[in-house]
Structures are given as structure tokens and as C-alpha cells.
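Scroll down for the structure; my scribbles are underneath it.
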Amino acid sequence: MYAVVGCNECAAMWLLSDPRTSDSATCPRCGKTHRTAKLKRFYESEDRAAAREARAALLAKKRDESAAFAEIDHVSELERAVDDAGVDDREYLEASGIDADAVDEAGARAEGGGSASRTRTEIVRDAVEAVEEPTEGNVVAHASERGVPAEKAREILTRLTRRGELSESRGRYRVL
């Protein structure tokens, strides 16, 4: 069961799941805690999508935008259109000057912690130690065999050297 409820403090409307079984609910806008039994329920449904649509319609009516709301697609259709439009996360990060691979690696470390899979940076660093002659070509080839694209391996070598995690002398790398 889902209910569209409203805050008597700030007039925010939100979806509340299981309104019959919860004792209290907190307004997502102002943080006020409400007794669930006392909350005004504008709409109730077993279907979450229907409750979301009702909330959207209520918000449009509140802003005198009911006519405009009637012209648009269902909320789920709008979400699909948003997913199809614009840039994906990777494009956005790279356009903002953020290394998307570093973000992926940080996410992998945060989620997995002790997983057996290695990040690209770890693979490149391991390659520097593993190859007999740690030149750029040998390190890149070793990392490429382990799934790191050659261009990305070169970028990681440069980044690790700039950070001071590797040193490069006469074309050979070593881990510091």
C-alpha cells in the first residue's frame, strides 16, 4: 500500500509506503516527524506507479499547472525519455574533468573491499613490478593482457608517475 501524504509544516507531499503499519513518518523536506495516523492522505493505492502519478498530478494542481500536466506523458514514460536523452554518467564525469576510471575504482573499493578483482590502476602497478624490463611498452602489454586497454594503461602510468607512486628513469618504471 502506498499513500500520498502531506506535511502540515512545509506543505511537502511525498509517497509513504505501508501507511497502515508505520507509526511515524518524517517529512523529506523539513524533517518534521509526523504520526502516520494523523497525516492527511490525498491518495492511496496498492500500485506505486499509480501513487507517484497521483502525487505528480496533485503537485501540478497545487501550482495551477493541471492543463500542462494533462498534456505530458505518464511519469514512467518521462523517466524513460530522460534515460534516453542527455549524457551518461561516464560522459558527464569526463566532461567535468573527473577521471571516470578513478571513480569506478573508488566505487569498486567501497563496495567490494576484499574482492579478488583488481582495478585497472592496481593491474598497471602490478605490471610494473611483474615484468622483467618495466618499459612503457612492456607494462602496457602486460596490463593489456589482463584487460586494461592500452591507451588507458598509458594514462594510468602517467597519472601514477605524476602522483609520485611510480618513478620513471631512462624509460623504465618502478614502484615507489
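The values are calculated or read from the model by the stated rules, or taken from the named source; none is laboratory data. Predicted model, so just to flag it, every value in this text is computed and none were measured. FYI the Cβ positions are ideal-geometry reconstructions off the backbone, even for glycines, and counts take in every protein chain you see. Heads up: the accessible areas ignore ligands, DNA and RNA and are worked out on the full protein's heavy atoms, side chains in. Shrake-Rupley method; radii C 1.70, N 1.55, O 1.52, S 1.80 Å.
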- Message: For residue 43, what residues show an amide H to amide H distance below 5 Å, using hydrogens built from the backbone and excluding near sequence neighbours?
- Response: 4
- For the chain, the charge dipole (Cβ of Lys, Arg +1; Cβ of Asp, Glu -1; about the Cα centre) points to a positive end, and the Cα of 140, 123, 15 closest to that extreme belongs to 15
- Item | Candidate values (i) 40, 16, 14; (ii) 29, 19, 14; (iii) 54, 19, 14, label of the one derived for semi-axes √(5λ) of the Cα gyration tensor in Å | (iii)
- Cα-based shape type of region 1-70, given that a ≥ b ≥ c are square roots of the gyration tensor eigenvalues and the cut on a/c is 1.5: oblate
- Hand me the trypsin sites (Lys or Arg not before Pro) from region 1-61 located in a DSSP loop with no more than 11 other Cβ atoms within 10 Å, in residue order please. 20
- Per residue, how many Å² of accessible area does the chain show with a 1.4 Å probe? 66 Å²
- 20 Å Cα-Cα reach of residue 62 towards aspartates and glutamates, excluding residues that sit fewer than 8 places from it in its own chain: 9, 44, 53, 71, 73
